[in-house]
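Inspection log for the structure reproduced underneath, given as structure tokens.
The values are calculated or read from the model by the stated rules, or taken from the named source; none is laboratory data. Since we're looking at a predicted model, the values are computed, not measured. Quick reminder, even Gly has a Cβ in these numbers, built from the backbone with ideal geometry, and neighbours come from all protein chains shown. Ligands, DNA and RNA are stripped out before the accessible areas are found, and what is left, the full protein with its side chains, is counted by its heavy atoms. Shrake-Rupley method; radii C 1.70, N 1.55, O 1.52, S 1.80 Å.
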Amino acid sequence: CRGKSWKYLIVISCPPLLFSSPLLFPQGEDNFTYCPATGLAKGNEHSEFAGWAFPFPGVFLVEEFISKDEESEIVRLMDQDDWKPSQSGRKKQDYGPKVNFKKQRLKAGSFTGLPSFSQKIVAQMKACSVLGGFLPVEQCNLDYMPERGSAIDPHFDDWWLWGERLVSLNLLSKTVLSMSCDSEDSIQLFSTCSKENGELRPSGSLTEMSARNHSGEEGTNCILSPRLVPSKEVTVAIELPRRSLVVLYGDARYKWKHAIYRRHIEHRRICVTFRELSAEFSAGGRHEELGKELLEIALSFQGRPV
């Protein structure tokens, strides 16, 4: 499969396997890469999962979300304000309410709204199919530099305060968002070694393929069983081009941790993350009135970093 011509194919017809042997990819490297066109996580060429894939729901990616001139102006305005030291070699600018996540306490504090330059960005988000009704109440700018060893460890964003959709705009350089899962569950993979017109095509849970050799003779049919692997052995790279917008929701938000590793910071990179309120602070929620107050402040777009 994978671009080679075969005269004979081996017939494989066995029950799904729970695979737990040592991984063959370099330590720390992601072994799958997300494909925005198909919504699949596809096994990387030099990993033991080459030729295998699985659906990876909850990711929405838009390339060239803003122009080069817009990017330059946004960064120029950001750099007029101070960047505060943050963890793991990052610097940050926060625009949001005062939160104590441990005690689950929230108040406006010195929050005066999102910055003025974000008003156009938020307006452009309305054209994204997965962002209907998205009202950001918080914005966090993070500055990454390779010289500082900037990174962020695998984590979930809080879901007591923040809602389902996490929206991030990637500025100044490309990077990779690495997804990992601590679940005890397994993931079912399917083979992608069926090839038509130079394109790898998903073969389904149970696929029968017919191969032809160079002379045009039909080869042996190949039946591939699905393959089960522990979730903990799977890491998925979501490649973020410069000026791209990514939305995490559903499984990608609540089942998979996300991280940015040092090896994926090659130049200065700024991440602008917008968060919405959870149901508890939205219409009909227990803290609906506080949520309304904070949204009114946020969407005034008159803020400075807190």
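What residue, of ILE270, ILE260, is modelled with pLDDT of 95 or more, more than 11 Å from the chain's Cα centre (by Cα) and of a type in the set (A, V, I, L, M, F, W, C)?
ILE270
Residues that are out of contact with any strand residue (DSSP E or B) (no Cβ under 8 Å at 6 or more places or on another chain), farther than 17 Å from GLY51 by Cα, surrounded by 13 or more Cβ atoms within 10 Å (Cβ to Cβ) and modelled with pLDDT under 95: does region 201-214 have at least one?
no
Could you tell me which numbered condition ASP158 fails, if it satisfies all but one of (1) in contact with a Lys or Arg (Cβ under 7 Å, 6 or more places away or on another chain); (2) in a loop (DSSP other than H, G, I, E, B)?
Unmet for ASP158, out of (1) in contact with a Lys or Arg (Cβ under 7 Å, 6 or more places away or on another chain); (2) in a loop (DSSP other than H, G, I, E, B): (1).
Take ALA123 and tell me if it is more than 30 Å from LYS232 (Cβ to Cβ), without any contact (Cβ under 8 Å) to a residue 40 or more places away in the chain and open to solvent by 70 Å² or more (accessible area, probe 1.4 Å).
Judged against the criteria, ALA123 is not a match.
Could you check how many residues of region 257-292 are of a type in the set (Phe, Trp, Tyr), open to solvent by 40 Å² or more (accessible area, probe 1.4 Å) and more than 16 Å from PRO241 (Cα to Cα)?
Residues flagged as of a type in the set (Phe, Trp, Tyr), open to solvent by 40 Å² or more (accessible area, probe 1.4 Å) and more than 16 Å from PRO241 (Cα to Cα) within region 257-292 amount to 0.
Just to be sure I understand, how many residues within region 262-285 are touching a strand residue (DSSP E or B) at 6+ places or on another chain (Cβ under 6 Å) and not in a strand (DSSP E or B)?
3
List the pairs whose first member sits in region 254-268 and is over 22 Å from VAL234 (Cα atoms), whose second member is acidic (Asp, Glu), and whose Cβ atoms are under 9 Å apart, counting only residues at least 6 apart or on separate chains?
ARG268/ASP143
With the structure loaded, tell me whether SER67 is closer than 28 Å to ARG262 by Cβ, within 22 Å of the chain's Cα centre (by Cα) and among the hydroxyl-bearing types (Ser, Thr, Tyr) or whether it fails that test.
No: the conditions fail for SER67.
Among all residue pairs at least 6 apart or on different chains, which show Cβ distances below 6 Å where the first residue, located in region 283-306, is closer than 29 Å to TRP83 by Cα and the second is modelled with pLDDT of 95 or more and in a helix (DSSP H, G or I)?
Matching pairs, first to second residue: GLY291/PHE281; PHE301/GLN119.
Show the residue pairs meeting these rules: Cβ distance below 9 Å; 6+ apart or different chains; first residue within region 149-160 and in contact (Cβ under 8 Å) with a residue 12 or more places away in the chain; second residue of a type in the set (Asp, Glu).
Here the result reads SER150/ASP143; PRO154/ASP182; TRP160/GLU280, each pair linking region 149-160 to a residue that is of a type in the set (Asp, Glu).
Give GLY113, GLY133 a once-over and let me know the one that is in a loop (DSSP other than H, G, I, E, B) and in contact with a helix residue (DSSP H, G or I) (Cβ under 8 Å, 6 or more places away or on another chain).
Step by step, each of GLY113, GLY133 is checked, and only GLY113 is in a loop (DSSP other than H, G, I, E, B) and in contact with a helix residue (DSSP H, G or I) (Cβ under 8 Å, 6 or more places away or on another chain).
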